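The values are calculated or read from the model by the stated rules, or taken from the named source; none is laboratory data. Note that the structure is predicted; figures quoted are calculated from it, not measured. Note that each Cβ is placed from the backbone with ideal geometry, even for glycine, and that neighbours are counted across all protein chains shown. Areas reflect the complete protein model, heavy atoms only, side chains present, ligands, DNA and RNA absent. Shrake-Rupley method; radii C 1.70, N 1.55, O 1.52, S 1.80 Å.
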Amino acid sequence: RYLVRRNPTHSTLGPVNLKGRSFLTLKDFSSDEIKHLLWVSGDLKHRIKHEKQYLPLLQGKSIAMIFEKRSTRTRMSTETGFSLLGGHPCFLTSQDIHLGVNESSTDTARVLSGLSDIVLARVNSHTTLEELVKDASIPIINGLSDLYHPIQILADFLTLQEHYGSLSGLTISWIGDGNNVLHSFMMTAAKLGVHLRVATPKGYDPDSSIIQEAQRLSKQHGTQFLLTSDPVEAARGSNVLVTDTWVSMGQEEEKKQRIKDFLGYQITMQTGSVAKPDWTFLHCLPRKQEEVDDQVFYSPRSLVFPEAENRKWTIMGLMVSLLTDYSPQIPMPRF
């Protein structure tokens, strides 16, 4: 209903080889590398979901999945995706593996390097991931940390690429907390030619060093980057309205104060009235009604459920890219 096709000229990518790399933050990945990951993800989705092909690209391989924080989408997408590709996932909670407690991160990294081919770790502290990478001889994927959530952003951009036909020239408005998901948007948007408008309440701003890097990237790639505390200002002229939980795991004691501080930040049709006619809505889930009302969340403008499904195809595309020399079979999409 709201599909608008853009028709930029086809771009070409330089040589991209991600095999053996770790994936902690999209800050470390170039425009071409991110586009390649989205291309591989879309390719696997087309071949497996639509063409019903069986692609055991990870047959004989295993992934260790470390979860210090619970998750529906991260666990299901990784576990089912790795299995669908012929590999074996092994799920480890904080009760199974005590990172840095009864075994150091250094020792854990070395042990898992001998027992598996790749690790996905969903952790409390980003430092834990950096410690794993330092001593592991296999790729480490950030399944979420306090600083970044890069696998979520791959799913978001694949969803937008599918909906709008291309990404370049889109404007995304983030209205909410200055958290790890926003940080990953800030490290990615400009590299894809996407303008980013951010509204956070005072005191809930993004990390200052990440702001500086986002400003640099915006200047480098010729995109717009706005920081404000006014949700209406952020939403004005936007294609995509995005929010996330106001109370992340570990912040439960702050809930009452946070809900008070975020008053006026709920996304409604009124928020969208200043956006572009083709505006859509994203939320990485789980969602609370104070963040976005039902009228938006369950409307045709909401892409949250295709976005959730694309967590699977993008983590599959990422794992295949880090573990194999796979080349996409479908033509490169417009970016």
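Quick notes on this one:
- Full extension of the chain between Gln257 and His221 gives 9.2 nm of extra length, using 0.36 nm per residue less the Cα-Cα distance.
- Å² of accessible area per residue within the chain, as computed with a 1.4 Å probe and no ligands counted: 43
- Distance between the pseudo-spin-label points of Leu115 and Ser299 (7 Å out from Cα toward the beta carbon): 4.9 nm.
- Out-of-range pairs (alpha-carbon distance over 29 Å; input Lys61/Lys191; Lys45/Lys134; Lys35/Lys61; Lys52/Lys134): Lys61/Lys191; Lys45/Lys134; Lys52/Lys134
- Mean-position separation - Cα centroids, the stretch 171-244 and the stretch 55-100, in angstrom: 31
- Local electrostatic count, Thr106, Cβ distance below 11 Å [Lys/Arg +1, Asp/Glu -1]: -2
- Report summary: the helix-based calculation at 222 nm, which adds -39500 (n - 2.57) for every DSSP H run with n ≥ 4 and divides by the residues of the chain, gives -11000 deg cm²/dmol.
- Counting only Cβ charges, +1 for Lys and Arg and -1 for Asp and Glu, the dipole size of the stretch 179-335 around its Cα centre is about 360 debye.
- Backbone geometry of the stretch 41-55 corresponds, through the Karplus equation with coefficients 6.51, -1.76 and 1.60 at θ = phi - 60°, to 3J(HN,Hα) couplings of 4, x, 5, 5, 4, 5, 5, 8, 6, 8, 8, 6, 7, 9, 10 Hz, x marking Gly and Pro.
- Rounded, prolate or oblate (a/c below 1.5 giving rounded, otherwise prolate when a/b exceeds b/c) for the stretch 1-156 by Cα gyration tensor: prolate
- Furthest towards positive pole of dipole, His98, Thr74, Ala64, structure part the stretch 49-111, Cβ charges: Thr74
- Spin-label zone in the stretch 143-174 - amide nitrogen under 11 Å from a point set 7 Å from the Cα of His50 along the C-beta vector: 162
- Counted by Cβ distance under 11 Å from Ala190, the other residues give a net charge of +2, where Lys and Arg count +1 and Asp and Glu count -1.
- Under the simplified labelling scheme, the Thr268-Asp32 pair shows an inter-label distance of 4.8 nm, with each label point 7 Å from Cα along Cα→Cβ.
- For Val198, distant residues with modelled amide H under 5 Å away: Trp174, Leu226, Leu227, Thr228
- Cα gyration tensor shape for the chain, rounded if a/c is under 1.5, else prolate or oblate: oblate
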